[in-house]
Amino acid sequence: MLRLLVQQRRRTTAADVALTRLGVVLLPVAALLAAAVVPLGFRSVSDLADGIVWFNAMEALAWAAVWLAGWGPNSTLALIGGYRFLAQGLAYELPHMLAITTAALGAESLRVGEVVDTQAGLWFAVWMPVAFAIYLLSAMAMAFWGPFDQPAGRDVAGGAAAELSGVDRIVFLGGRWLLLTVAAAFSVPLFLGGGNGPLLPPWLWTVLKTVAVLAFLVWIRRKVPTLRMDRYMEVAWVVLTPLAILQALVVALVVLVR
C-alpha cells in the first residue's frame, strides 16, 4: 500500500487522463450510491420507492467506470480488460437483475424496506434458494472477484487496471472491494431478513449477516474453478439465466395463490 502511495503515475502515449481518472473515481462512487438504499437495521440513507431499481442502476454505473478506466489510458491491454468486463457484465447482469427482481416480486414491492418487512416470518433465501445463489454468484462477477477477475488482470493482458499506478490503482482496487461489500450487504435485506432476528438489535443483525456473506464470498474465491471467459459467458447465458427465469415464475405463482 505504501509503495503504491509513493509510486509515480504511469503515463501512456495520447492517454485521456481525465477519462481515466473519471473511471477510477466513479467505481467507488457508484458503490457508495448503491449503498444509499441498503438499510442498517430498518433504516437507510434513502428508502426510495424504487430502491431495488436504484441499486441495480448503480451497479450498471460501475460497468461504465471500469470500461472508462480501461479506455482512457489508450493502451491495448487496458482496453481489452475494459471490454472483457463489459462482456462479463452483460452476461451476468441479466441473471443478477432477475434474482433481485424475484425478491421484489415476493414482496410485491420495489422498496427495500418493504422487502425486509415481508421476511419477518420467513427469509426469502429459504424459499428462493436458486435466486439467492444466483445473486451471490453474479455479484462476484459484477465485482470482478475471484474466478471472474480476468477483467482486472489475471493473465498477461493485465486487465483494465494494467496502466493504473499509485493512488489511481489504490482507488480502483478499493472501489472493487467496496462494490463487493455493498453487494454482500444488499443480499441481507433481499434474502436474509434484513435486521430481523432475536435478542440483538436490528443494526447488529444486519452487520453480522453482511460480514457472514462477505466472508463466504472471500472464502469461495479460491473454491470456484477458473475457466476461460467464454465458458463463464456460457454458464451465464445457458444455465443461470434460465434458472433465474424459472425461479421468478415459481415465486410469481406462489404470490398469485397465497
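The values are calculated or read from the model by the stated rules, or taken from the named source; none is laboratory data. This structure is a prediction, so every number in the text was calculated from the model and none was measured. Using ideal geometry, Cβ is built from the backbone for each residue, glycine included, and neighbour counts are taken over all protein chains shown.
Figures for the structure shown
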| quantity | calculated |
| --- | --- |
| The listed residue being surrounded by fewer than 21 Cβ atoms within 10 Å (Cβ to Cβ), modelled with pLDDT of 90 or more and not aromatic (Phe, Trp, Tyr), out of VAL218, VAL255, VAL207 | VAL207 |
| One residue from LEU178, LEU199, LEU173 being over 30 Å from LEU68 (Cα atoms) and either out of contact with any Ser or Thr (no Cβ under 9 Å at 6 or more places or on another chain) or surrounded by fewer than 18 Cβ atoms within 10 Å (Cβ to Cβ) (or both) | LEU199 |
| Options LEU40, LEU5, LEU27, LEU33; residue that is modelled with pLDDT under 70 and in contact with a helix residue (DSSP H, G or I) (Cβ under 9 Å, 6 or more places away or on another chain) | LEU5 |
| Residue match in the range 38-49 (condition: of a type in the set (A, V, I, L, M, F, W, C), part of a helix (DSSP H, G or I) and either over 30 Å from ARG228 (Cα atoms) or touching a residue at least 40 places away in the same chain (Cβ under 8 Å) (or both)) | no |
| Where TRP54 falls short, out of the listed (1) touching a residue at least 60 places away in the same chain (Cβ under 8 Å); (2) in a helix (DSSP H, G or I) | (1) |
| Members of the range 45-55 that are touching a helix residue (DSSP H, G or I) at 6+ places or on another chain (Cβ under 7 Å) and surrounded by fewer than 20 Cβ atoms within 10 Å (Cβ to Cβ) | ASP47, LEU48 |
| Hey, VAL66 part of a loop (DSSP other than H, G, I, E, B) and in contact with a Phe, Trp or Tyr (Cβ under 7 Å, 6 or more places away or on another chain) or not | no |
| Helices (runs of 4 or more DSSP H) wholly inside the range 169-258 containing at least 1 residues that are of a type in the set (Ser, Thr, Tyr), more than 15 Å from the chain's Cα centre (by Cα) and over 30 Å from THR20 (Cα atoms) | 202-220, 241-257 |
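Residues checked against (1) out of contact with any Ser or Thr (no Cβ under 8 Å at 6 or more places or on another chain); (2) in a helix (DSSP H, G or I); (3) surrounded by fewer than 19 Cβ atoms within 10 Å (Cβ to Cβ):
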| site | (1), (2), (3) |
| --- | --- |
| LEU79 | yes, yes, no |
| GLY82 | yes, yes, no |
| ALA87 | yes, yes, yes |
| LEU90 | yes, yes, yes |
| LEU98 | no, yes, no |
| ALA104 | yes, yes, no |
